[in-house]
Every structure is written in C-alpha cells, then in structure tokens.
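Reading through the structure tokens given below for one structure.
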Amino acid sequence: MSFIQQFIKSIREFCVSIRNGLIKTINSFSRTRFFIFIALIIIALISMVIMLVKVNNNFMVEVPVNGGTLTEGIVGMPTLVNPVLALSPADKDVTSLVYSGLVRKDPNGNYIPDLASSYTISKDGLTYTFKIKKNIKFQDGAKINADDVVFTINKLKDPLIKSPYQSDWNGITVTKEDESTVKFILNQPYISFMDNMTVGILPKHVWENVSIPEFNLSSLNIDAIGSGPYEIQSVIKNGNGFPSEYILKRFNNFALGLPHIKYLKIISFANEQDLIKAMSSHSVDQAGGISPNNARILKKAGYTIHVTTLPRMFGIFFNSKNNPILGDESIIKAMDKVLDRQEIVNQVLNGYGKAIHDPIPDTIIPDDKRMQRYKTSDIATAENILESDGWTLGPDNIMTKPVKSKISEKADQTEKLSFSLATGNTPELKNATNIIKAQLALVGIKVNIKIYETGQLKQIIRSRGYEALFFGQVINHESDLFSFWHSSQITDPGLNIAMYNNKKVDNILDAVQKITDLDKRTKEYSEFRNQFDKDLPAIFIYSPKYLYATSKGLNNIYIDSLNDSSERFSSIYKWYANQEKVWKIFSK
C-alpha cells in the first residue's frame, strides 16, 4: 500500500471516530441538553454566515453599470440649442448636453481638456494655444478640426448674429495654425478667458451654408449636431410646433469616454408647479432650480436634494440722485446694522441660502470669517448712529430730522426718514422686501415698497428710475465685477445699478483684469472689500442656494461649484443610474 493510500485511510478512520464519538455524545444528552445543543449549532451557523457576508462586503465595491434612462424636467422650451445663441436656462441646459468645448469644468470648478488634448498660455497672458485631440468626431461622424473652432468663434463675434456672448470676445482674435492647432491672441490679459473656452464648437460643414438672416431661425437650432456626451435622437413637438421633449442618447465617440447612462429625456414644463406635479407622480426623475418650499415636498416624496450656491447676490442698491437721504452715510450704516440677514434667509428661503455682506461671491474668493460679525442685527448700534446724526423718533414711529428753510436759517421744517424700494413681482422678492421693511421699521425707517412686472422693472433699471432697488446680480465670470462696480458702467447699458463712483475701486477693477496670478488678485479684492465697507453703495443680504432634486438611484453626481445652472451637466458622462457590487480586484 502506497503512502498516499495509507494517508487517506488514516483520514477516513479519524473522521469515522469523530462521527461515532459525536453520535455517542449526542445519545447521552438528555432531551433538554439535546435542544440546547441544536440551538447552539444554529447560532454558530448564523454567526458564521453573518461573518462571511461582512468579510465579503469588505472586499466588494459598487461600480457603475452602463445603461438606464433618466428623465429631466425643465421649465421652458429649448428652441435655440446652439452655443452661439443659447440664452434661456432651457436652451443652455440642452446645449450643454449636445455640445463640447475645448475645455470643460470639473465638479471642483477646474478646467480639464475636452476637445483639446492640451493647451499653453504665454507668460504675458496674451496668447493661448490649444491642441485638438486626434480622431475626435461630431455626432454625424465628421472629424473635428481647427476650422470648426475658428468658424464658431467668428460666429460668436459677428455683430449681425447678435450673440449674447459677443462682448466676451471683444479684443480677441483666433487663428488656425494647422489642422489640430488654434491660437487665441488677446489685446490685454483677460482673467475670465478660460470660461470662454468652454463654449460648444459648431460643425462648420453643417452651418457654413446657413446665411446670417437664417442663422437664428434654422431648424439646426433644434435638430442640433455637436460633439457633447449626448446626441439628439428625436424631438417631440407640441400642437404649436414647439419642442416639448428631447430624447437624447449617449454619444459613443464622446471625447471624454462613453457616458454610463444610455438615454436622457428632457421634458419641458410651462411652470414649476406643473413640474413638481410630474415629479410627485415620479414621471420625472430630476429637476434643477427647485424652490425651497417645493424642495421640502420632493424630499418627503423620496428625492435627494443636492445643494450648492450659485453666484447670485441679492441686495439693496441705492440711487441718492432720486432721494438724497440715501446719500447719507450714517443712514446706510444704520440700515446695514439693523438688518437681520439670517432671519431673511430663514423666512424667504427656508434656510436654503447664505447671508452675505459684500459683492464678491464665494466662487471667486471665499471669505466665511467675514460674515461672523453680521449674523444678527444690532438695533442698539443702529439707533445710536441715527440719533448721533440728529434723527429723533416721531409720534408716528418714524425718524425725523430738522431741516433748515431755504428762506430762513431757522430749522422750521422736518424731513422723515423714508424711501421707496422697488423690486420684481415674484414671491421671493416680495417676501424679502416685506421683511426688510419690517426690520427697518424697528429703528423708525419707513419703506414704501413698489412692485413691478419684469418688463416694467427692466425699464426702470435702465433709466435708473428708482430710489432703492432690491435686486440680484448674477456673476457668471470674475470679470463681471467690472461691469457691476466700475464708474464707467453707471449709465445704461452699463450694469452699475448702485451708481457707484470711486476712483480707487476703478483702479482696482482695472488692475485685476490684467492680473493672471490668483494670489495677487486676491490681495486686490481684499482692498476692494475694505473700500466697499467704507462706502456701502449697496447692502447685500443673501445668496440663494441652487437646489437640484434627483432620484435616489442617481449616483456620482457632484455640483459643488457652479457658475451657471447648466454646469450641473458638466460631469454627466460620469453619472450612473445602475450599479452592482464586485470584488475590488475586478473593479479596475
């Protein structure tokens, strides 16, 4: 008998002896001990299974599974799916899905190559050179090259087309170096230039025969062809012939890789109320720009609410030319002290907002420490400021002040501390101005609220026909600060609605446009903030949060840094609706 056979025989004999011994032991158990023994065996087996599951889970990870369909609801109809023309949020949403630019913003706000493989910037910040990736294509199969980039930029700059982004390209020329190289030359450094490079690229071979008069009316603005992560499969139109639903499928040759989610449906709604009804019935998976009240409803319905801050800055802008009282530094500082910004955020936005004090958004230079001294109102200090300036509380609880007569030197007249506050006819703006009115009344400042429809309000803003204005600034680019605060922008079409005129601030804003180093710009902005605090040409109140409601199954979505709501789709090619668990060694 061989050694192996002897070994196997020994193992068998050992097992038999163990079995016989176990049977003998069990037979010796009383009935009670037998059931206890069986219970212990069951507990041991269950414990072993739990332990094995835990060990297994420690070695497994969730990974995306390609496929699935997501339905996004939007308010408004996308009729200009064209990076040169898209202006409404609905237009920009679909455009961002269908088109790609030379670069793309990642969820952290950094620029990553998209159609470009690389780029270089000259030391003087005046020349940007981009290399286009090889073998990348448009959604109709045509190859992308430098001609397409030059064609797109020239359309953006064409005054006859009247692109809403034309001013972003002033003083910038683009040239083709070779089939895969384009060069941009600036007449002076432009701190927001890389934002320009995210603009979608049009296919020249598709658009070159479209005349200027036809450009805005072309059917290609609906049946668009780009190179983005999703391409248009079909468009469903309503009875009036307008697009009501876009069905998109992932673009297999997208420059940054195959998107996980196979289909996207973009459904248009006339208003948020109709959209919320569709989401409540779960016929729509997700939607952005949800109001705080509706966010609560959707959260209860099982949706995930993603929260981020867009650079929208709401505040009170003063025009002392129409009411000299608002040119009194003491009055503005008293108002600044009495306003409880956090209470306004809580009541108007249900807490979905951030109290702010200055015109520079966190997306440019974050400064959370600065707001610590403005968390609550300081009524006592506000009253002291007004009383020191000669104001006294009248019998009608409105502050009054003696005014000298133009005929006599005697102070035989009084003026009341009151002004009118204009704003738009929306629930948020009306609610905010009513709270502002109530808070200022605590120190005897009377506010007369004037509500205007959108068209009226635009005309009043253009003519600067207001005493004070509660309004919001949207700062999509860092260079927008120049438009809002430089003295050259005081009159229409300028956007300096606070009528702010400070040469020191002008010099700062002129300088930062040419400073490419962020640390150096930050020092300049710090001085801007200090000067703003001294002058207070406006009182900023809050920056509302952007709320994006999505289904629970949507994974890998990050919207921590957005300058525009359409940027939520910047990383959509990484999103996934399906997933499975695999061992870590198989996840790479």
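Any read-out appearing in this document is the output of simple, stated calculations on the displayed coordinates, not a laboratory observation. Everything numeric in this text was worked out from a predicted model, so none of it was measured. Counting neighbours? That spans all protein chains shown, and the Cβs are built from the backbone with ideal geometry, glycine included.
Fully extending the segment from SER30 to SER330 would add 98.5 nm, taking 0.36 nm per residue of separation and subtracting the current Cα-Cα distance.
Annotation for GLU387 and ASP223: the two label points, set 7 Å from Cα along the Cα-Cβ direction, are 7.6 nm apart.
So which aspartates and glutamates pass the test for LYS458, namely a Cα distance under 12 Å, with those fewer than 8 places away in the same chain ruled out? Leaving aside aspartates and glutamates fewer than 8 places away in the same chain, those within reach of LYS458 are ASP492.
Going by neighbour counts of Cβ atoms within 10 Å, the residues ILE74, ILE50 line up, fewest first, as ILE50, ILE74.
Packing, as the average of other Cβ atoms within 10 Å across residues, places the peptides 75-86, 168-179 in the order 75-86, 168-179, highest first. Can you compute log10 of I(q)/I(0) for segment 63-214 with the Debye formula, treating each Cα as one identical point scatterer, at q = 0.08, 0.09, 0.15, 0.18 Å⁻¹? Relative scattering, expressed as log10 I(q)/I(0), comes to -0.24, -0.31, -0.85, -1.21.
Each of (i) 24.5; (ii) 28.4; (iii) 25.3 is a candidate for Kirkwood radius over Cα pairs in Å; the one calculated from this structure is (ii).
Pairs exceeding 28 Å between alpha-carbon atoms, taken from LYS299/LYS450; LYS133/LYS162; LYS134/LYS262; LYS237/LYS354: LYS299/LYS450; LYS133/LYS162; LYS237/LYS354. At full extension, LYS277 and ASN431 could sit 53.0 nm farther apart than now, given 0.36 nm per residue minus the alpha carbon distance.
I need the peptides 439-451, 338-350 ranked by packing, meaning the mean over residues of other C-beta atoms within 10 angstrom, with the highest value on top. Display every interim value, and only then the final one.
Values: 439-451: 18.5, 338-350: 20.2.
Packing order, densest peptide first, comes out as 338-350, 439-451.
When ASP140, ASP147 are sorted by how many other C-beta atoms sit within 10 angstrom of their C-beta, beginning with the fewest, the order is ASP140, ASP147.
For the pair SER47 and SER17, a Förster radius of 25 Å applied to the C-beta separation gives a FRET efficiency near 0.35, rounded to the nearest 0.05.
Taking 17 Å as the straight-line reach from the Cα of LYS92, the aspartates and glutamates in range (excluding those fewer than 8 positions away in the same chain) are GLU72, ASP168, ASP195, ASP223, GLU231, GLU245, ASP564, GLU567. Ordered by the count of other Cβ atoms within 10 Å of each Cβ, fewest first, SER192, SER234, SER566 give SER234, SER192, SER566. The mean sequence separation of alpha-carbon pairs under 8 Å and at least six residues apart, normalised by the residue count of the chain, gives a relative contact order of 20 percent.
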